[in-house]
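The values are calculated or read from the model by the stated rules, or taken from the named source; none is laboratory data. Because the structure is a prediction, the values reported are computed rather than measured. Ideal geometry is used to build each Cβ from the backbone, glycine not excepted, and the neighbour counts take in all protein chains shown. Accessible surface is based on the protein model in full, side chains and every heavy atom, while ligands, DNA and RNA are left aside. Shrake-Rupley method; radii C 1.70, N 1.55, O 1.52, S 1.80 Å.
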Amino acid sequence: MDFEKHQNLHTIVMLRDVIRKWWQVELSFADRNGLVHDWQRGDFIPPPNDFCRHSLGAREGMRRCAQSVRVLHEKFKAAKNLRRSLFHDCHLRLSIVGAPLYIRNEYEGFLFVEGFARQPLMPGDGQVLLGKMRDIAPGAMLELEGAAERVPVLDGSELSKLSDLLEFAVTEIANQEVELTRKEETIQSMASELSNRYRFEKIIGRSGAMNEVFRLMEKVAHSDSTVLINGESGTGKELVARAIHHNGPRKDKPFVVQNCSAFNDNLLESALFGHTRGSFTGALKDKKGLFEVADQGTFFLDEVGDMSPALQVKLLRVLQEGTFLPVGGTHSREVDVRVIAATHKDLGEMVKRGEFREDLFYRINVIRLQLPPLRERKDDLPVLIDHFLRKHHREGQRARGLAPEALGILGAYAWPGNIRELENEIERLLVLGGELEVIPADLLSSRIRDAVVPGGGPFIAPRAHGKLHEAVESLEKEMIHQGLVRTRYNKSRLSRELGISRSNLLLKISRYGLDKGIPEGLDTEEVEA
Ligand SMILES: Nc1ncnc2c1ncn2[C@@H]1O[C@H](COP(=O)(O)OP(=O)(O)OP(=O)(O)O)[C@@H](O)[C@H]1O
Ligand SMILES: [Mg+2]
């Protein structure tokens with residue numbers, strides 16, 4: 001631990017002041033090896049006590065002072081986990097008191113004060129002190145005349161006050177150190193998150209699930225291992241695959257994409273592996289396959305779950321040996337390609353059903369990135385909406401954002417088409433309402449509005465704060481109210497739709513006061529429409 005950074009801690013500054021004023025002593029710090037850095041550097045504040053000052057100023061005196069401090073240090077080390085102050089008499093038979101510093105249960109040194117007597121010095125004591133100093137600093141003898149009377153004396157109660165102050169100070173240092181480390185850690189993790197964000201800047205998301213994706217992407221970008229990206233349609237599989245490629249060592253080489261469900265088997269085989277002239281009708285000349293085009297680079301195999309068993313065998317061979325045979329060819333070709341595969345299907349289940357080769361599955365499932373559907377990371381909606389508003393904003397458009405009701409509906413929608421669907425919706429809103437400053441909810445696609453607010457009517461966003469039972473009740477009240485309007489007060493139908501008994505519905509209608517103000521002629525209607 002570096003004591004320097006705690007020198008300006010308020011407690012330390014105060015403590016220095018107080019002990020100087022009250023007892024004319026100085027505060028020092030010894031590290032976990034019992035070394036006093038200030039002394040070693042020779043830039044210590046001279047102790048007011050003349051004996052200590054001259055002792056520390058002389059070579060032999062300094063050695064003995066350091067030795068006395070080391071003895072106290074050994075005492076702390078021997079008394080493991082002792083958190084109280086200890087005393088020691090130094091080479092001049094003056095006293096040192098120190099309080100040990102523990103940070104996260106690790107001994108880090110001690111704060112100490114030296115150079116005082118624990119009881120008034122007798123005339124003979126002064127002579128003994130002078131005698132010792134004669135060996136250490138013979139030149140200082142004149143100045144030391146009468147110095148014994150100026151040695152500070154701390155009796156029992158004062159000494160215990162000083163010990164308390166030292167103990168308080170080390171606790172403050174320990175707290176500050178923990179706090180500083182915590183801050184450093186936070187800054188570091190923020191910095192690394194920021195750098196991830198920067199590296200993957202086009203991929204928006206700050207939810208826990210997306211942070212996990214970023215963490216894995218960061219790891220796999222530098223490796224060559226095969227990656228399997230799993231996720232529903234529109235969750236960003238291709239975007240992630242590209243980002244992995246562009247942040248890795250192959251970034252200056254090709255990134256090739258092939259969707260495995262796009263072609264029939266023969267065409268796909270020829271697209272992937274190429275063909276030789278005359279290998280099938282229409283094969284007028286040799287054609288390079290995409291695996292060759294992707295040599296040294298990355299091949300993104302989209303919808304790999306749709307590959308036929310025959311092609312699965314060929315893919316396995318490329319992955320294992322880096323070789324393949326073009327359609328109609330007799331010589332195998334060699335390539336160095338990193339494969340990133342993607343699918344919205346559950347390949348594990350397909351293996352169980354015998355629809356996907358187990359060996360290929362294990363070969364591509366080395367690292368799996370699971371992209372969460374948008375409905376499971378609604379926390380990301382605001383940032384995504386903001387991102388797409390900027391991305392599709394056209395020069396001169398006034399739109400700054402969406403009306404709260406529109407945001408509420410987007411937040412309540414399930415987004416089966418995930419981020420692609422969201423992006424399309426925002427793009428569409430900007431085309432329709434880009435001239436307005438705030439885009440209103442009635443411009444939303446009817447598909448989205450109707451899914452959230454069947455039958456139209458205002459959308460009441462569910463509350464995300466307050467008491468749970470109150471929020472549940474307000475939602476219940478709103479659903480029943482809207483249901484009554486939608487079914488034209490047909491309570492039998494509504495109770496079936498809501499999945500509760502008719503009597504229960506009637507009870508709730510009366511509890512929420514929804515039976516008041518029913519339009520005339522509707523409250524008796526109970527027949528199925
Ligand atoms: N996290 C994200 N941040 C910003 N844009 C995203 C994000 N995820 C997806 N997108 C955007 O959504 C659209 C769909 O993404 P992408 O094509 O990568 O999805 P996909 O999973 O490959 O979909 P599909 O299975 O339908 O092929 C793209 O325009 C992409 O830029
Ligand atoms: Mg895709």
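Surface exposure of the chain, expressed per residue as accessible area with a 1.4 Å probe, stands at 53 Å².
Do me a favour and compute the ellipsoid semi-axes for region 384-450 from its Cα gyration tensor, root of five times each eigenvalue, largest one first, whole Å. Mind showing how you got there, number by number?
Values: eigenvalues 66, 34, 18 Å².
Semi-axis lengths for region 384-450 are 18, 13, 10 Å.
Summing Lys and Arg as +1 and Asp and Glu as -1 over all other residues whose Cβ lies under 13 Å from the Cβ of ARG64 gives a net charge of +1.
Suppose only helical runs count, i.e. DSSP H with n ≥ 4. What mean residue ellipticity at 222 nm does that imply for the chain under -39500 (n - 2.57) per run, divided by all residues and rounded to the nearest 500 deg cm²/dmol?
Numbers: 20 runs with 248 residues, N = 529.
Helix-only estimate at 222 nm: -14500 deg cm²/dmol.
Overall, the accessible surface of region 384-450 at a probe of 1.4 angstrom is composed of carbon and sulfur to the extent of 51 percent. Working note: Karplus 6.51/-1.76/1.60 with θ = phi - 60° gives region 353-361 the couplings 7, x, 9, 9, 5, 5, 5, 5, 4 Hz, where Gly and Pro are set to x. Working note: Karplus 6.51/-1.76/1.60 with θ = phi - 60° gives region 223-231 the couplings 9, 10, 6, 5, 10, 10, 9, 10, x Hz, where Gly and Pro are set to x.
When +1 charges are put on Lys and Arg Cβ atoms and -1 charges on Asp and Glu Cβ atoms, the dipole computed for the chain relative to its Cα centre reaches about 600 debye. Averaging the Cα positions of each part gives two centres, and for region 258-288 and region 330-404 these lie 27 Å apart. Assuming charge only on the beta carbon of Lys and Arg (+1) and of Asp and Glu (-1), the dipole of region 384-450 about its Cα centre is about 140 debye to the nearest 20. Which percent, nearest 5, of DSSP beta bridges in the chain are antiparallel? Percent antiparallel among DSSP bridges in the chain is about 50.
Phi angles of region 288-303 translate, via the Karplus equation with coefficients 6.51, -1.76, 1.60 and θ = phi - 60°, into HN-Hα couplings of 5, x, 5, 4, 6, 4, 7, 3, 6, x, 10, 10, 9, 9, 7, 6 Hz per residue; Gly and Pro are given as x.
When a/c reaches 1.5 or more, the comparison of a/b and b/c decides; with that in mind, is region 288-399 rounded, prolate or oblate per its Cα gyration tensor? Please report the intermediate quantities before stating the final value.
Details: a/c = 3.31, a/b = 1.76, b/c = 1.88.
Oblate is the answer for region 288-399, as a/c is 1.5 or above yet b/c matches or exceeds a/b.
Largest accessible area first, the listed residues TYR107, TYR362 line up as TYR362, TYR107 when surface is computed with a 1.4 Å probe on the assembled protein chains. Which one, MET307, VAL485, LEU216, is farthest towards the positive end of the dipole of the chain when Lys and Arg carry +1 and Asp and Glu -1 on their Cβ? Farthest along the dipole direction, towards plus: MET307. The lysines within cross-link reach of LYS75, meaning a Cα-to-Cα straight distance under 30 Å and a gap of 8 or more places when in the same chain, are LYS5, LYS21, LYS132, LYS161. Proximity of backbone amide H atoms, modeled 1.01 Å from N, is registered between VAL257 and PHE300 at under 5 Å, excluding neighbours fewer than 5 places apart on the same chain. Helix 418-433 axis versus longest C-alpha principal axis of the chain: approximately 80°, rounded to the nearest ten. Could you give the angle, 0 to 90 degrees to the nearest 10, between helix 237-246's Cα long axis and the longest principal axis of the Cα atoms of the chain? Once rounded, one gets 50 degrees.
Once the Cα atoms are used to define both axes, helix 502-511 deviates from the longest principal axis of the chain by about 50 degrees. Cα centroids of region 234-250 and region 110-157: how far apart, whole angstrom? Taking the Cα centre of each part, region 234-250 and region 110-157 sit 75 Å apart. Projecting the Cα atoms of ILE187, LEU86, PRO47 onto the dipole axis of region 39-188, where Lys and Arg carry +1 and Asp and Glu carry -1 at the beta carbon, places LEU86 farthest toward the positive end.
Just to confirm a number: summing +1 for Lys and Arg and -1 for Asp and Glu over residues other than GLN258 whose beta-carbon lies under 10 angstrom from that of GLN258, what do you get? Walk me through the numbers before you get to the answer.
Details: positive: none; negative: ASP302, GLU303.
Residues close to GLN258 contribute a combined charge of -2.
Partners of LYS314 within straight-line reach, counting lysines whose Cα lies under 23 Å from its Cα and excluding those fewer than 8 residues away in the same chain: LYS285, LYS287, LYS288, LYS345, LYS352. In summary, the convex hull built on the alpha carbon positions of the chain has an orientation-averaged projected area of 46.0 nm².
With the dipole of the chain worked out from charges on the C-beta (+1 for Lys and Arg, -1 for Asp and Glu) around the Cα centre, which of ALA341, ILE244, SER501 lies farthest toward the positive end? Value computed over the given set: ALA341. THR323 sits among other residues whose Cβ lies under 13 Å from its own Cβ, and their net charge, with Lys and Arg +1 and Asp and Glu -1, is -2.
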